[in-house]
Amino acid sequence: MSITRRPTRKIMVGDVPVGGDAPVSVQSMTTTKTADVEATVAQVYALRGAGADIVRVTCNDAEAAAGLGEIVSRSPVPIIADIHFQYRLALASLEAGVAGLRLNPGNIRKPEHIRMVARAAADAGVPIRVGVNAGSLDKDLLAKYGAPVPEALVESGLGEIRLLEEVGFEDIKISVKHSHVPSMVESYRLLSERIDYPLHLGVTEAGPPPGGLIKSVAGISTLLLEGIGDTIRFSLTADPVEEAKAGRKLLEYLDLRERRGLDLIACPSCGRAEVDVIEVAAKVSAALEAENSPLQVAVMGCVVNGPGEARAADLGIAAGHGKGHLFVKGRVVRVVAESEMVDALVEEARRLVDEGVEARLAAAESARETGRGAAGR
Ligand code: SF4
């Protein structure tokens, strides 16, 4: 099964395309004080390493705005400024060179201020996300609908888009986030029927893991599988590195981004297990977590599903009677005792990764040689 994505316009957030045929991108947000440039840049790098394509930072006061310029110039990914209440901080962020703005229609409400920001963003070639949030919905809409229902969120977003379009600004993406998963899903479904701007998906204020992860996966996956969504953010009450990791993994598991790093297939274990699957899987996961090459490793507790999964993965263990058959690329290479399983899997995994890297280097060298030969002819 492949996902047919709903057609949307493509915009550029710095050098990252969002919408159209662009890969679904991962976003996260720093938790540092933006005025603390060193801490913020360090966190941006950590987020990039964990899978974030785009990072948002708050621009909530003059000190934050003052730090933005250096953060933007040192960042390895496009930086978006998150703006609430003060349109002047949006203008200051544009001066600092950000790659995108997020405006909250619930708290920047004067049309002339929104239009002023739109004109400045147009001059800078910078897109704006209309970031509607159930927790900060425009109070007139809250009064009209009585609650932050999906129709209210959509009306808020469409109203802001109208203001931007009035001054010819269409470099837009939009989010309608809700902390209640069914309401979030319905909001985006309604919105996707009305506009073709790219959609930024998220379940807002999802909370700490595991609940926050489950809510985010439930809402974001439901929409992505329907072809709705161009960029995503997990809003976890946790180290934002966990958000970036989770977002990236979700897209990989849905085949929306290429695989990288470890994909651990492990059975949940049961009374039939012949080894401590939970311990072996946890140790293998910890040992290989930092690998960046795509690698599928199976840890299976008995012969019921063990040989099938271990054979299909890059490498795996199918356990039985305190020992296990070690499979590499579909073939049994040896039998290892339970006490040696972790070391054997990690050693073989590293060997496969090294072989893969060497093969890629050799292919690149061969391509260069071919290019030189062609150029010399
Ligand atoms: Fe249980 Fe075996 Fe299935 Fe693992 S593979 S869950 S041990 S039956």
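The values are calculated or read from the model by the stated rules, or taken from the named source; none is laboratory data. It should be emphasised that the depicted structure is a prediction, and the values quoted were computed from it without experimental measurement. Cβ: placed from backbone, ideal geometry, glycine included. Neighbour counts: every protein chain shown. Quick note on the areas: whole protein, heavy atoms, side chains included, nothing else; ligands and nucleic acids left out. Shrake-Rupley method; radii C 1.70, N 1.55, O 1.52, S 1.80 Å.
Laid out as a table, the results:
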{"quantity": "Rounded to whole Hz, the Karplus (6.51, -1.76, 1.60) HN-Hα couplings of the stretch 185-202, x for glycine and proline", "calculated": "4, 5, 4, 5, 4, 4, 5, 5, 7, 9, 9, 10, 6, x, 10, 9, 9, x"}
{"quantity": "Degrees, to the nearest 10: 62-74 long Cα axis against longest axis of the chain", "calculated": "50 degrees"}
{"quantity": "log₁₀ of I(q)/I(0) at q = 0.08, 0.11, 0.12, 0.13 Å⁻¹ - the chain, Debye sum with one point per alpha carbon", "calculated": "-0.50, -0.84, -0.94, -1.04"}
{"quantity": "Cβ charges +1 (Lys, Arg) and -1 (Asp, Glu), total dipole of the stretch 243-332, debye", "calculated": "180 debye"}
{"quantity": "Label-point separation in nm, R368 to D123, each point 7 Å along Cα→Cβ", "calculated": "4.6 nm"}
{"quantity": "Spin-label model distance (nm) - E340 vs E166, 7 Å beyond Cα toward Cβ", "calculated": "7.5 nm"}
{"quantity": "Under 5 Å, built H, 5+ apart or other chain: amide partners of N107", "calculated": "F85"}
{"quantity": "Rel. contact order, % - alpha carbon contacts under 8 angstrom, at least six apart, the chain", "calculated": "13 percent"}
{"quantity": "Simple spin-label estimate for V303 and L225 in nanometres, 7 Å along Cα-Cβ", "calculated": "3.5 nm"}
{"quantity": "Lysines with Cα under 16 Å of K249, excluding same-chain neighbours fewer than 8 positions away", "calculated": "K215"}
{"quantity": "Unit charges on C-beta of K, R, D, E only; dipole of the chain, Debye", "calculated": "580 debye"}
{"quantity": "Heavy-atom accessible area per residue - the stretch 31-86, 1.4 Å, Å²", "calculated": "41 Å²"}
{"quantity": "Theoretical FRET efficiency, 1/(1+(r/R0)^6), r = Cβ-Cβ of E193 and A143, R0 25 Å, to 0.05", "calculated": "0.50"}
{"quantity": "Value of [θ]222 nm, deg cm²/dmol, for the chain, DSSP H segments ≥ 4, -39500 (n - 2.57) each, nearest 500", "calculated": "-15000 deg cm²/dmol"}
{"quantity": "E95/T237 FRET efficiency (R0 35 Å; Cβ-Cβ; nearest 0.05)", "calculated": "0.60"}
{"quantity": "Cα gyration tensor shape of the stretch 237-362, rounded if a/c is under 1.5, else prolate or oblate by comparing a/b with b/c", "calculated": "oblate"}
{"quantity": "Nearest 10 degrees, 0 to 90: helix 240-253 Cα axis against the chain principal axis", "calculated": "70 degrees"}
{"quantity": "Pairs from K10/K144; K144/K177; K33/K245; K110/K177; K33/K139; K283/K329 whose Cα-Cα separation, in the structure shown, is over 24 Å", "calculated": "K10/K144; K33/K139"}
{"quantity": "Angle between the chain longest axis and helix 277-288 axis [Cα atoms, degrees, rounded to 10]", "calculated": "70 degrees"}
{"quantity": "With every protein chain in place, the stretch 263-376: carbon and sulfur % of accessible area (1.4 Å)", "calculated": "54 percent"}
{"quantity": "Whole-Å distance, taken between Cα centres, linking the stretch 60-133 and the stretch 271-340", "calculated": "49 Å"}
{"quantity": "Average projection area in nm² (convex hull over Cα atoms of the stretch 185-285, one quarter of hull surface)", "calculated": "8.1 nm²"}
{"quantity": "Per residue, in Å², the accessible surface of the stretch 263-376 once ligands and nucleic acids are set aside, probe 1.4 Å", "calculated": "55 Å²"}
{"quantity": "Nearest-20 debye value, the stretch 13-70 charge dipole, Cβ charges on Lys, Arg, Asp, Glu", "calculated": "160 debye"}
{"quantity": "Within the accessible area of the stretch 11-253 (1.4 Å probe), percent carbon and sulfur", "calculated": "54 percent"}
